Structure formats: C-alpha cells, structure tokens
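K.L.:
I have a structure I would like to understand better, so I am pasting it below and will then ask my questions one at a time.
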Amino acid sequence: MTAAIRVGLADDQPLFRAGIAMVVNSQPDITVEWEASNGVEAVELAASTPVDVVLMDLEMPRMGGIEAITRVLALPSDADAPPRFIVLTTFDLDDRTFEAINAGASGFLLKSTDPEFLLAAIRTVHSGSAVLAPSATANLIRRFAAPHSANRSQALDSLTPREHDLFDLVAAGLSNAEIATSLHLSDTTVKTHVSRILTKLGLRDRVQLVIFAYENGLIGTD
C-alpha cells in the first residue's frame, strides 16, 4: 500500500486551518501531520516531524511564510527530499507571492480555491510538478521573464529531439500522465525525461520551465 502524502499546514487563522485539515484528512491518500499558527512553529514542526508538502500562509505573526520556507529548506534532513511548498494567499500574485516562489515554493493557490483543486494541487506538487492558481501563469511569466540570452539558447539546443517534444508539452501545461499518453511512454520514463530537461536547462521546476519557454519565444501569454 502506498504511504499517504504527509502535509504540514501553517496559517494563523484557526478556523481556516480546521477547514483545510478537514478537507485534507477526508482523503485516504493524504493526511495532515501538523498545524502551525506562525512561521516559527512551522519551522520547528518541520524539523521534528518531516512532511512531504507544506501549505504555507504568507502573512503570519512572529515569522512570515517566506522566511519560514527559506529556513525549512535550510534544515538538515535525513529525508530523501525536503518538503515542497504551496503558498496560500488571499491576493492573486503580489510581490510576496513572487518572493515565495523565488524562495523555493512550488506554486501558490488562492485561499478561495475549490477543495478539489487544493487536493489535486497537493498530489501534483508531491509528484514533483508545480502548481499555480488558475489564470495566473501569464502574469507570473511577465513578472519573471528576463531578456533572451545566448546562453539559454545554447542550453535549449542541448536537448535531444525527444526532450524537445517533452519540453513543448510541459510548457503547454500537460501533466506527466497526459504526456505519457500523448507520447506513448510510461509515467516513469516521462518523469526521468523531465528531470533531465530541468537539469540541462538549470531550472528548478515546471514553473521556471514555463518562464524559460516564454523567454525564448516558444510560447505566448495570450
């Protein structure tokens, strides 16, 4: 039996935490391991009770979410990988959201998101992908996109034809399962290819891959 996805929840609003915990714990494959009311508690709990995914509010007393993400990622750990972070925010893409993504968050969701989308996001991030609130990709790209560079073009040229195919599908927003179906590959093969693509291009995750694609004129924001 596959182990449940372990989730940490950091938010200073008790009722909001209780609602999220109820939604998450209703699933057979996801469980809330701890709840924190501020960033300091989140760092302490992440150090003592490892989790796979952390749902992190940005505005909390004592320590905000951005600093908490940075500190958790800097913790020594015996785990195979550090936790991945989903930022929870009331506002659609403000400066703090961008800072959180730069700090290491794998994406963000509005607090008003549907429960089903939240659960899907947890599973998506746990699988190694990134997730964004719907309709936010274009704004994210515009904020992060840098001028075209020769070095990036050379890195893109280093991809094999098969990797180019996968790159295009990832940039278009397809999941590993969708790519596997489209290219008649196994999920494991797709995951391996995507990992190699990210390594070759010096990118952290799919969010950065989409930005990279935009920088090089491979996709648009319309």
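The values are calculated or read from the model by the stated rules, or taken from the named source; none is laboratory data. These numbers were taken from a predicted model, which means no experiment stands behind them. Cβ coordinates were reconstructed from backbone atoms using ideal geometry, including for glycine residues, and neighbour counts include every protein chain displayed.
K.L.:
Would you please name the residue that is farthest from the chain's Cα centre (by Cα), looking only at residues in the range 50-90 that are among the acidic types (Asp, Glu) and closer than 19 Å to ILE5 by Cα?
P.N.:
By that ranking, first place goes to ASP78.
K.L.:
Tell me which of these ASP11 doesn't satisfy, since it passes every other one: (1) without any contact (Cβ under 8 Å) to a residue 60 or more places away in the chain; (2) in contact with a helix residue (DSSP H, G or I) (Cβ under 9 Å, 6 or more places away or on another chain).
P.N.:
All conditions pass for ASP11, except number (1).
K.L.:
Which residues, counting only those in the range 1-49, are within 20 Å of the chain's Cα centre (by Cα), surrounded by 15 or more Cβ atoms within 10 Å (Cβ to Cβ) and of a type in the set (Asp, Glu)?
P.N.:
ASP11, GLU33, GLU35
K.L.:
Filtering the range 163-178 down to residues that are surrounded by 20 or more Cβ atoms within 10 Å (Cβ to Cβ) and out of contact with any Asp or Glu (no Cβ under 9 Å at 6 or more places or on another chain), which residue is nearest to VAL125 (Cα to Cα)?
P.N.:
The residue in question is VAL170.
K.L.:
Right, here's the next one. Give ALA120, ALA100, ALA138 a once-over and let me know the one that is assigned to a helix (DSSP H, G or I), farther than 17 Å from ASP11 by Cβ and either at pLDDT 75 or above or not small (Gly, Ala, Ser) (or both).
P.N.:
Selected residue: ALA120, the only one of ALA120, ALA100, ALA138 that is assigned to a helix (DSSP H, G or I), farther than 17 Å from ASP11 by Cβ and either at pLDDT 75 or above or not small (Gly, Ala, Ser) (or both).
K.L.:
Let me ask something else about it. Mind listing just one residue for me: the one in the range 93-109 that is buried (at least 16 other Cβ atoms within 10 Å of the Cβ) and more than 22 Å from ALA81 (Cα to Cα) and, of those, nearest to the chain's Cα centre (by Cα)?
P.N.:
LEU109
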